[in-house]
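Q: Sharing a structure here in C-alpha cells format.
Every read-out reported here was derived from the displayed coordinates using simple, explicitly stated rules and does not represent laboratory data. Note that the structure is predicted; figures quoted are calculated from it, not measured. Ideal geometry is used to build each Cβ from the backbone, glycine not excepted, and the neighbour counts take in all protein chains shown.
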Amino acid sequence: MIRAAAAAVAILALTNTETIAGVCPLENTWRVSIADLPGLADIGGKGGLVRFIENVAEFADVDVVNDVVPFARSMINVESGRADMHIPLLHDSNTPFVNAKLMYSDAVLFNVPFQFYVAAGSALTLAQLTDGTRTIETDSAHIDFFPFPVDGSSCIECSLNKVRLGRIDAFIYAEPPTDEAIVLAGLEDAFERHLYENYPVRAVLPRNACGRSINQKLLPAVVKARKQSGHPLFRLSQGRAD
C-alpha cells in the first residue's frame, strides 16, 4: 500500500537512526532506493523491479516510498540515511557484509547467472577457464568476485568482439545483458557459454537497528511475493528455496 504524498514527504524528512531502545522509528514505512536498470527500474518509478518491491511491501504490511536513481547515488542514499534500503546488489558469498555501514538482506530477490562466453568451437572446458592461465575479461565492478585472474572491462560489446576475434579467451559476466548484446549484434552463433555460478541478488540495508528490523520483515515478504510473481526473473517455484 502506498499512502498519500504528504505522508511520504514527512517520512523522507526523518533520518535513518537508531532510537535509544534500539527500535527502528521507520519500521512502518520503507524508503527504497532502486538503481536505474533499464527495463527493470526506470527513472520515474516504472518497471518490473519497482512493481515487485511494491508487492513485497504489501506482504510486509508496510508503506513504501520508491526512488529510482543511478546506482552509485542509490548506495550513498542508504549510507547517508536518506533511504532505508538499496536494491539490487549481487552477493558474493565471500563477502558477508557490504562494508562497515551496510549489510546484505537475508532475503534473495532473484538470481543472476554468470556465464563464461567463449568463441564458438572453442575447446576450452570450465576447468581450463578457471585454472588461472587464461586471458579473461569481466565488468570492472565484479573483478573481486573471481578467485582467478580477470581484467576489467567497461564495454560488453568490446569484450565479446575480443573473444570472437581470438584476442582473449573468454568474457565472464551476467547472462541477461550479455545475451541481449549478442542478440542485438546478430551474433548468436558466434559464442558458446559455460555456466560459472548463479549469484543471489539481495537488498542492501544499514547495519543498525533499522536495518535489522527491516531484514526480519523483508525475508517472509519476499518469499511470498516471489511465489505469486508472474515475472520470470522473480518467480519462486513451489518447493524451491534460494
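Q: Picking from 221, 185, 107, which is most flexible by a Gaussian network model of the chain using Cα springs under 10 Å?
A: Among 221, 185, 107, the largest GNM mean-square fluctuation belongs to 185.
Q: What are the lysines whose alpha-carbon lies under 23 Å from the alpha-carbon of residue 224, with same-chain residues fewer than 8 places away excluded?
A: 46
Q: Ranked highest first by average number of other Cβ atoms within 10 Å, how do 145-156, 52-63 line up?
A: Details: 145-156: 14.8, 52-63: 19.8.
Sorting 145-156, 52-63 by mean packing, highest first, produces 52-63, 145-156.
Q: With a ≥ b ≥ c taken as the square roots of the eigenvalues of the C-alpha gyration tensor of the stretch 112-198, please select rounded if a/c is under 1.5 and otherwise prolate if a/b is larger than b/c or oblate if it is not?
A: Numbers: a/c = 1.44, a/b = 1.20, b/c = 1.20.
Rounded is the answer for the stretch 112-198, as its axis ratio a/c remains below 1.5.
Q: I need the phi-derived Karplus couplings for the stretch 213-224: 6.51 cos²θ - 1.76 cosθ + 1.60, θ = phi - 60°, integer Hz, Gly and Pro marked x.
A: In residue order, the calculated couplings are 5, 5, 4, 5, 6, 5, 4, x, 5, 5, 4, 5 Hz.
Q: With only Lys, Arg, Asp and Glu charged, each at its Cβ (+1 for the first two, -1 for the last two), find how big the charge dipole of the stretch 112-198 is about the Cα centre; round to the nearest 20 debye.
A: On the way: 5 positive and 14 negative charges, 55 e Å.
Charge dipole, the stretch 112-198, about its Cα centre: 260 debye, nearest 20.
Q: Rounded if a/c is under 1.5, else prolate if a/b beats b/c, else oblate: with a ≥ b ≥ c from the C-alpha gyration tensor eigenvalues square-rooted, which is the chain? Could the numbers behind the result be given before it?
A: Values: a/c = 2.25, a/b = 2.02, b/c = 1.11.
Since a/c reaches 1.5 and a/b is larger than b/c, the shape of the chain is classed as prolate.
Q: What order do you get for 226-235, 160-169, 199-208 when each peptide is scored by the mean count of other beta carbon atoms within 10 Å, highest first?
A: Working: 226-235: 14.8, 160-169: 17.1, 199-208: 22.3.
With the highest mean Cβ count within 10 Å placed first, the list reads 199-208, 160-169, 226-235.
Q: Which residue, chosen from 98, 138, 112, occupies the Cα position most advanced towards the positive end of the dipole of the chain, where the dipole is computed from +1 (Lys, Arg) and -1 (Asp, Glu) charges on Cβ about the Cα centre?
A: Sorting the options by dipole projection puts first 98.
Q: When the chain is treated as a GNM, springs tying every alpha-carbon pair under 10 Å, which of 125, 138, 95 comes out with the largest mean-square fluctuation?
A: The residue that fluctuates most here is 125.
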